[in-house]
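Enquirer: Got a structure here, written out as structure tokens. Questions coming.
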Amino acid sequence: MELLDNVWLGFSVALSWQGLLYCLIGVVVGTMIGVLPGIGPVATISMLLPVTYHLGATESLIMLAGIYYGAQYGGSTTAILVNLPGEASSVVTCLDGYRMAQKGKGGTALAVAALGSLFAGTVGTALIMLFGPSLAKIGSNFGPTEYTALMALGLIAAVVLASGSVIKALGMVILGLLIGLIGLDINDASQRFTWGILELSDGIDFVPIAMGLFGVAEVIVQLERRAKQATGNLPINSLMPTREDLKRMLWPMLRGTGLGSLLGVLPGGGPVLASFAAYTVEKKVSSTPEQFGTGMIEGVAAPESANNAAAQTSFIPMLTLGIPSNAVMALMIGAMIIAGIQPGPNVMTTKPELFWGLIASMWVGNLLLVIINLPLVGIWVKLLTVPYRFLYPAILLFCCIGAYSIQNSTFHLMLLVGAGVLGYVFYKVGCEPAPFLLGMVLGPQMEEYFRRAMRVAGGDPAVFIERPLSAALLGVAVVLLLIVIVPAIGRARQSTFQE
Amino acid sequence: MIRLLTKDFLAGLLFIAFGAAFLWLGSDLRLGTPRSMGPGFVPRMLSMALIALGGFISLRSLFARIELIEFASLRPLLLVTAATAFFTFAFERFGLIPAAIGLIAFAAWARPDWRRLETLATMLVLLAITIAIFKEGLGMTFPVLRGVW
């Protein structure tokens, strides 16, 4: 009954007044930025990291987690009501959600999305509680070889699941790893790529880079595209779904939750991929696939459940192994390090109140989201009418102050300026910044483990396939890579011939 | 010539350039042996992989479907960068108020149809918010106006 004790501990943290307060702040902020297109959880969480200096570790993580899954939730509101994806993970929700709203069933669509999210969040949380501890036990037996292999798997998964070209994503990961290596070499304290600049010997802090790539660069891109403003709001019908609606959403919700939970655990996976996959599956199993895109409840319930389930389960590798599976998780790890906690399998034993409190708060947060959001839909719709021209100067200013406050240093501001330009260039040549950021975060750790593993093995790289666990992890990575690359080669050849 | 202005070709070039820069800058780092790697070993491996990958991407782009790079206007890039750069320059030197005013002015200017009154209002509101949250609320130690507050 250790599990029950732990769950009890978790809820006592999550339901304490601080726990509830920061959870509430998190989900409200999360919903707000989720509703607003053009600002996402990565930029918001990096802007808010400095705030966490003043909070305890548990409170900070509860709040940041709330922002993350709150954003998935808020994104669907915008998608349904104005046909703009508030978040990348709600792109597919636009397809059927907006059609439903046009048919005068906007309220139903919102309710379906909310109920699906709540259900998926509950299941996702339960999964972390059930499987987290055993995974952490496996993790504590990991040696440097296994860690290297696991990180390689994480990076490959990030590459495979990136939305654009696989091979460019691979390049971005390598570039990220290289930039991550800038700074003092841990083994013999030699300066690497620092040109004698003092600030660089600590390595490049990834928070200003994340703000530059996701915050500043996004502003530039939006301005260049002259971001279309949301216009005209559709009337919303009653939020109560009918019995028929509930019956139709049941199976899609279950399938979406299952698929999302699975894809969320994969390092590199996450809500975006999960929502796309769930929509595709739903279309495949439907008896009327041609009706998708005309306002099918199934097309809202499945992806909305999937993205929320994935948002929850993507905490598993971060909490149990200390390995970030996406950019948001990398920022969470940053928040833990700021609070003086070394992420890894030990967190669960040394800081049980943080681990269980965070998980319990995710369930509380999902409930809060439904309770506070259904009545607040009207306010979120109003928020959408705040023009971008008032919003982007605020984004820029908060990014700047946030970057400075990490170490009260102008150097971090310089990094932000540079990363903004770099992010723009990446966007122009069609390279995704997320794999880059992941490589940058994992770079120093991965090099350290790799060198240690090679030293132990006497310089023989075969050790990575001789140790069973490491071989299995690398095997999965190779399979993943082959699955995407092989058809891609076929397609590339086809398109060449067509020209 | 148009084949050279594709996203993929330029992405490949970008990777090659970064790889070459790291290779060159890291050329004096000790390599060591696989058993006991020096500080230069992993960077060398990664740079070479990046160059190879970049070369492959660029070459492949010459024979595949073209996706031309799109350019609308350089104005947002230049002025938003100027905004953040000005803030970097002015924040510690002069304080939050001048830095934020400069940032918002440059940022507003990035839109061809910016309006004076609107920009002024944005400045006032944002300054009030940032001072309230970061200075008063969180007690951060930056100057609001150097020498005065």
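Enquirer: Report Rg(Cα)/(2.2 N^0.38 Å) for segment B:75-137, keeping two decimals.
Expert: 1.12
Enquirer: Counting only other chains, what is the mean number of Cβ atoms within 10 angstrom of the Cβ of each residue in peptide B:68-77?
Expert: What the average comes to for B:68-77 is 4.
Enquirer: Taking every eigenvalue of the Cα gyration tensor of segment A:237-389, multiplying by 5 and rooting it, what semi-axes result, largest first, whole Å?
Expert: After diagonalising the Cα gyration tensor, the semi-axes are 32, 20, 15 Å.
Enquirer: On a C-alpha basis, how far is the centre of segment A:163-203 from the centre of segment B:65-89 in Å? Whole number, if you could?
Expert: Computed from Cα coordinates, the inter-centre distance equals 24 Å.
Enquirer: Same structure, new question: Using Cβ counts within 10 Å as a stand-in for footprinting exposure, how do A:Cys23, A:Cys94 rank, fewest first?
Expert: A:Cys94, A:Cys23
Enquirer: Which of B:Gly32, B:Gly95, B:Gly54 moves the most in a Gaussian network model of chain B with Cα springs under 10 Å?
Expert: Largest GNM mean-square fluctuation: B:Gly32.
Enquirer: Something else now. Got the relative contact order for segment A:148-223 handy, in percent, Cα pairs under 8 Å and 6 or more residues apart?
Expert: Relative contact order here is 18 percent.
Enquirer: How tilted is helix A:57-82 with respect to the longest principal axis of chain A? Cα atoms for both, answer in degrees (0 to 90, nearest 10).
Expert: On a 0 to 90 degree scale, this one is about 40.
Enquirer: Something else now. Work through the residues other than A:Gly299 whose Cβ is under 9 Å from its Cβ and net out their charges, Lys, Arg +1 and Asp, Glu -1.
Expert: -1
Enquirer: With point charges of +1 on the Cβ of Lys and Arg and -1 on the Cβ of Asp and Glu, referenced to the Cα centre of the protein assembly as shown, which listed residue (B:Ala72, A:Leu20, A:Leu175) lies farthest in the positive direction of the dipole?
Expert: B:Ala72
Enquirer: Report the charge-dipole magnitude of chain A in Debye, nearest 20, computed about the Cα centre from +1 at each Lys and Arg Cβ and -1 at each Asp and Glu Cβ.
Expert: 1160 debye
Enquirer: Any chance you could give the angle, 0 to 90 degrees and rounded to 10, that helix A:106-140 forms with the longest Cα principal axis of chain A?
Expert: The angle comes out near 30 degrees.
Enquirer: Would you mind computing Rg(Cα) / (2.2 N^0.38 Å) for segment B:2-61, counting N as its residues?
Expert: Compactness ratio reported: 1.33.
Enquirer: If you don't mind, there's one more thing I want to ask. Give the order of B:Asp8, A:Asp202, B:Asp113 when sorted by the count of other beta carbons within 10 angstrom, beginning with the fewest.
Expert: So the ranking, lowest neighbour count to highest, is B:Asp113, A:Asp202, B:Asp8.
Enquirer: Sequence gap at least 6, Cα distance under 8 Å: using those rules, report the relative contact order of chain A to the nearest whole percent.
Expert: Contact order relative to length: 28 percent.
Enquirer: For B:Arg30 paired with B:Phe94, estimate the spin-label separation in nm (one decimal), with each label point 7 Å from Cα along the Cα-to-Cβ line.
Expert: Here the answer is 4.9 nm between the modelled labels.
Enquirer: Per Stokes-Einstein, at 4 °C and 1.567 mPa s, what whole-number D in µm² s⁻¹ belongs to chain B, with the Kirkwood radius over Cα pairs as the hydrodynamic radius?
Expert: This corresponds to a translational diffusion coefficient of 66 µm²/s.
Enquirer: Along Cα→Cβ, 7 Å out, is where each label goes; now give me the distance between the ones at A:Val486 and A:Phe131 in nm to one decimal.
Expert: 2.5 nm
Enquirer: Also, I was wondering about something else. Once you have the Cα-Cα distance between A:Thr242 and A:Leu469, take 0.36 nm times their residue separation minus that, and quote the gain in nm to one decimal.
Expert: 76.7 nm
Enquirer: To continue, here is another question. Tell me the net charge near A:Gly420. Cut-off is 14 Å between Cβ atoms, A:Gly420 excluded, with +1 for each Lys or Arg and -1 for each Asp or Glu.
Expert: -1
Enquirer: Give me P(r) over the protein assembly as shown, computed from all C-alpha to C-alpha distances, binned every 20 Å, as integer percentages.
Expert: With a bin width of 20 Å, the distribution comes to 19, 54, 27, 1.
Enquirer: Oh, and also: Quickly estimate the mean residue ellipticity at 222 nm for chain A, helices only: each DSSP H run with n ≥ 4 gives -39500 (n - 2.57), and the total goes over all residues, rounded to 500.
Expert: -24500 deg cm²/dmol
Enquirer: For A:Val35, what is the net charge nearby, where nearby means another residue's Cβ is under 13 Å from its Cβ and Lys, Arg count +1, Asp, Glu -1?
Expert: Local charge sum for A:Val35: 0.
Enquirer: Label B:Thr141 and A:Thr349 with points 7 Å out from Cα along Cα→Cβ: what is the distance between them in nm?
Expert: Calculated label separation equals 3.9 nm.
Enquirer: Which of the helices in chain B meet the span-like rule: DSSP H, Cα axial reach of 20 Å or more, Kyte-Doolittle mean at least -0.5?
Expert: For chain B, where a helix must reach 20 Å along its axis and average at least -0.5, the hits are B:7-25, B:41-61, B:75-94, B:116-130.
Enquirer: How would you rank B:Trp149, A:Trp380, B:Trp109, going from fewest to most other Cβ atoms within 10 Å of each one's own Cβ?
Expert: B:Trp149, B:Trp109, A:Trp380
Every read-out reported here was derived from the displayed coordinates using simple, explicitly stated rules and does not represent laboratory data. This structure is a prediction, so every number in the text was calculated from the model and none was measured. A quick note on method: Cβ atoms are made from the backbone with ideal geometry, for glycine too, and the neighbour counts reach across all protein chains shown.
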